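Reading through the structure tokens given below for one structure.
The values are calculated or read from the model by the stated rules, or taken from the named source; none is laboratory data. Given the structure is predicted, the values throughout are model-derived calculations rather than measurements. Note: ideal-geometry Cβ built from the backbone for every residue, glycine included; neighbour counts use all protein chains shown.
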Amino acid sequence: MINNVIAGGQVFLHKVRMFSQVFLQMLYISLFLGLLAGIWINYTQISKVDWWGFLSYRKAVIAMSFDRSVGSFGMLDKVTLIDAKFKNRTWTNIDPYKVIRMNVFQNADRQGISFLKNVFWYVAIGTLSVFALIFVFWAKFGSNIKSEKKKDGSGELLNAKQVRRRLYRMRKASDFKIGILPLVKDMETQHILVTGATGSGKTNLIHNLLPQIEAKRHPVIVMDQTGEMISKYYDPKRGDIIFNPFDSRSKSWDFWADCGQAEEQKKFAKILMSFNRKQSGGGADKFWELAGTDVLTSILEYANINNLAIEDVAFMACYAGVSDLKNKLKMSKAAPHLSEDSKQTAASVVSVMATGAEPLTYLRRSSPNGSFSLKEHFANIDKGSDAWLFLATKPSSRELTLPLLSCITELALSRLVDSGINRNRRVWTVLDELPALGRLPALSFLMSEGRKYGASVIAGMQSINQLFENYGERAGSTIFGQFATCFFFKVTEPAISKMITSRCGTETLVRNQKNTSFGANSLRDGVSYSEHLQRKNLVEANDIAQLSVGECFVLLPEPEVAVSKIKAPEAKIENKNQGFAESTLDDCFRKMLDARPVKCRGRKEDQGDVGTREGGCKEAFSKGEKKLIKTENIKGLTQQKIVQSPKGVKNLQYKDSDKGEASKECEEAEYINV
């Protein structure tokens with residue numbers, strides 16, 4: 001208790017002494033400066049006052065007051081004579097009463113009193129003003145000593161207005177904006193990342209950019225997994241292309257135009273087969289994937305050499321038996337995997353390959369909407385085309401079509417690089433939910449060197465961990481680091497938050513620590529301050545986790561505006577198309593293909609027979625026998641003919657139905673076995 005009293009008393013008395021010291025110093029300084037100010041303001045009036053007359057009048061007043069005071073004690077009346085002076089005239093031994101009665105001295109006194117009053121008020125106002133200014137200044141100074149300060153060169157978190165003001169001042173503001181926040185000029189080819197939890201505002205931010213890209217007439221490749229992009233941006237008048245095997249507006253993909261080379265075929269097979277491992281959680285033995293890739297690559301090479309249609313490739317990959325494949329691929333890289341010495345292994349390899357190659361069954365040679373190839377598409381871009389390519393699917397069929405879309409995306413990225421260096425070109429690739437496409441080997445190269453090819457990637461993902469799952473930690477980190485402009489929405493994963501905070505950088509704070517000393521002698525009392533440097537993250541994990549919908553932290557590739565926090569405005573874009581238009585052509589066409597004779601894989605005694613996928617081995621008929629299949633209607637189109645050839649269904653030709661009326665039935669189609 002006593003110690004507490006001593007300590008409290010020492011501190012209190014120390015504060016009192018410090019306050020009195022500071023207060024008196026403030027008062028002295030204020031009075032001095034106030035007096036100087038009052039005199040300086042009234043300096044011109046000094047010469048107008050007759051100071052000798054004023055002093056003589058005041059002296060007379062004092063003398064009369066003195067005489068009256070003496071008389072009040074009963075002493076004899078006494079008159080104190082004084083000397084008086086007015087300008088150049090002097091009176092000696094004059095009665096004070098006469099001085100007071102003289103007009104010249106009265107006027108001098110009034111002028112002097114008026115001058116002194118003015119000086120007093122100016123001094124008082126000046127003193128109070130100076131006192132207040134000193135008080136505020138010292139209080140602010142003391143507050144700054146206690147507060148944290150950022151060291152020069154330290155990071156700084158800005159808002160949208162500050163970023164805009166600085167970029168315009170530096171003349172580095174881009175035409176592309178998110179609300180009032182401009183991006184950095186000519187930095188779109190260093191790519192844009194949008195990441196955050198579901199519903200945090202990622203797609204809305206992309207919708208803020210796409211209308212601006214459209215207004216600049218830049219070509220775009222869009223991965224659309226919901227139909228939302230097609231509904232808002234698809235414009236057939238612009239020459240836009242939809243690829244979705246289940247959409248009636250889709251064009252067919254000219255497979256052989258883009259995969260005519262062995263390198264392209266191997267790349268296609270590798271990506272297609274990798275989806276097996278992805279869908280199984282990545283735990284499958286890679287041998288089966290690699291072996292399946294070899295077999296599928298060999299099938300594609302065989303089909304290319306023998307001028308087979310893509311439908312024949314699909315049936316060969318998905319339904320041909322081991323012995324059939326062995327005979328056709330005996331001189332290829334697939335031969336060791338189909339050896340009779342390990343029939344069980346061969347059967348497993350073919351099974352894995354058939355499962356992975358199933359998306360090929362959704363490809364067709366021709367379409368009533370025509371066909372497209374990436375080679376032709378990029379050639380048109382070089383000629384000035386601003387057409388958009390929509391690689392689309394719907395949520396219910398993602399597992400079926402995403403492998404195909406991933407392959408086409410990979411080939412598109414490679415084709416862009418192959419089209420040559422052109423720094424003035426802008427080809428945007430919008431990959432919302434990028435991890436859904438699996439591993440794209442061309443992406444790493446495009447991210448690091450795509451600037452000189454005019455590539456601009458906008459990638460969206462829910463978690464950066466998804467990137468690491470597909471590409472591994474090193475390659476994933478490399479790709480993550482290549483995004484110069486990043487929008488980080490709400491994230492609750494601690495590991496990802498830590499990565500983002502590290503990317504946002506740090507700030508260095510200067511803190512002044514107060515040290516108070518006191519002792520028995522007041523001379524030992526004192527206060528001292530010492531500076532301490534502290535580093536902290538510019539953006540903390542809690543800041544990221546507490547972001548509201550639409551709020552995000554923005555990283556820009558310009559040091560002066562590196563990190564900012566904004567709220568993306570809601571993008572209100574009306575739907576002008578159907579997101580998905582179901583294809584009736586697909587139903588008819590696939591039923592014709594499903595009925596196509598295939599080799600029976602059933603009992604040993606049935607091998608070599610020919611049956612239909614619908615009927616199976618029970619309805620097998622002798623080799624070479626023909627069967628008629630009647631298909632369902634095709635809306636708006638009529639099956640013209642199916643030309644019989646030694647390689648099966650080879651040529652499919654379509655023609656418009658008369659006057660656009662409801663379609664006729666497909667003609668009876670004649671099929672033979674391969």
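Things to note:
- Ser397 vs. criteria of a type in the set (Gly, Ala, Ser) and crowded, with 21+ Cβ neighbours inside 10 Å: no
- Checking each residue in the stretch 435-458 for being in contact (Cβ under 8 Å) with a residue 60 or more places away in the chain and of a type in the set (A, V, I, L, M, F, W, C) picks out Ala436, Leu437, Leu440, Met447, Ala455, Val457, Ile458.
- Residue count for the stretch 83-135, restricted to those that are within 22 Å of Thr44 (Cα to Cα) and in a helix (DSSP H, G or I): 24
- Just one residue in the set Leu210, Leu290 is over 35 Å from the mean Cα position of the chain (by Cα) and either among the β-branched types (Val, Ile, Thr) or farther than 17 Å from Ala314 by Cα (or both); that residue is Leu290.
- Test: residue in the stretch 422-432 that is surrounded by 18 or more Cβ atoms within 10 Å (Cβ to Cβ), of a type in the set (A, V, I, L, M) and closer than 20 Å to Gly227 by Cβ: yes
- Taken together, the criteria exclude Asp95 from residues that are more than 18 Å from Arg110 (Cβ to Cβ), at pLDDT below 75 and acidic (Asp, Glu).
- Test: residue in the stretch 393-406 that is of a type in the set (Lys, Arg) and outside any loop (DSSP other than H, G, I, E, B): yes
- Listed here are the strands (runs of 3 or more DSSP E) enclosed by the stretch 410-523 that have at least 2 residues being modelled with pLDDT under 90 and either on the phi < 0 side of the Ramachandran plot or more than 16 Å from the chain's Cα centre (by Cα) (or both): 506-517.
- The one condition in (1) in a helix (DSSP H, G or I); (2) at pLDDT below 90 that Asn369 fails to fulfil: (1)
- Of all residues in the stretch 1-29, those that are assigned by TED's automatic domain parsing to the domain that holds Ala124 and of a type in the set (D, E, K, R) have Cβ atoms under 9 Å from Cβ atoms of residues that are surrounded by 10 or more Cβ atoms within 10 Å (Cβ to Cβ) and not in a helix (DSSP H, G or I), 6 or more apart or on another chain, in Arg17/Asp525.
- Picking from residues in the stretch 40-64 that are assigned to a helix (DSSP H, G or I) and hydroxyl-bearing (Ser, Thr, Tyr), the one that is nearest to Val119 (Cα to Cα) is Tyr43.
- Residues located in the stretch 565-582, provided they are crowded, with 21+ Cβ neighbours inside 10 Å and assigned to a strand (DSSP E or B): Ile566
- Note on the stretch 86-102: among residues that are closer than 15 Å to Trp51 by Cα and loosely packed, with under 12 Cβ neighbours inside 10 Å, the one that is nearest to the chain's Cα centre (by Cα) is Lys87.
- In the condition set (1) in contact with a strand residue (DSSP E or B) (Cβ under 9 Å, 6 or more places away or on another chain); (2) within 24 Å of Leu133 (Cβ to Cβ), Trp40 is compliant with all but (1).
- So Asp432, is it of a type in the set (Asp, Glu) and within 19 Å of Leu374 (Cβ to Cβ): no
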